[in-house]
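K.L.:
Right, I'll just put the structure down here and ask away after.
Read-outs: derived from the displayed coordinates by stated rules, not from any lab. Quantities reported herein were computed from a predicted structural model and do not represent experimental measurements.
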Amino acid sequence: MIMDSLRLAPVGSVFPKIACSRCGDDSRRWDRIAGKSYCPSCIELLALGEAAPLIEKTERRRCAVCHHQGTLRYLTFPLHSRRPVEMDLCAEHLRALLGRRLGPHAYEQLRRQLHALGLETRELFLLHEAFYDAQGRALQPAGDWDY
Ligand SMILES: [Zn+2]
Ligand SMILES: [Zn+2]
């Protein structure tokens, strides 16, 4: 069975710089959720529940973590690659990814699939080693300021 819930964006796709759909910042290429652009500050506000929630129609695809059907597409530009990575995630795992609070099992699922594409988790901002230790334990979940 071909697992394509996490994949490189198709060759030849054009990804113009699109301003953040929430604040209009257009200084860089931002992550996209269901085709809309979000800068890191606006993702943080979403993760903290301080921004208007995402209301998007789900696609009939399977979550890259739990295989649940009904997903939103998350696209991100890895650090050293010009070709973005797309992943299909259910609402729960999209929230956990954005909030940097994936559990070790979920983190491992994504790490393994990225590895199959020749990518390391540290090349993806939201999976960076500052946010997870080697066992996939969340180190800095959004909103968790009580150290
Ligand atoms: Zn923004
Ligand atoms: Zn899921």
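K.L.:
Take every Cα pair under 8 Å in the chain that's 6+ residues apart, average their separations, divide by the length, and report that relative contact order as a whole percent.
P.N.:
Relative contact order of the chain: 21 percent.
K.L.:
If you average 1/r over all unlike Cα pairs in the range 17-127 and invert the result, what Kirkwood radius do you get in angstrom?
P.N.:
14.2 Å
K.L.:
Using only DSSP helix segments of four residues or longer, with each worth -39500 (n - 2.57), what per-residue ellipticity at 222 nm results for the chain after dividing by its residue count and rounding to 500? Walk me through the intermediate numbers first.
P.N.:
On the way: 3 runs with 29 residues, N = 147.
Result for the chain: -5500 deg cm²/dmol, rounded to the nearest 500.
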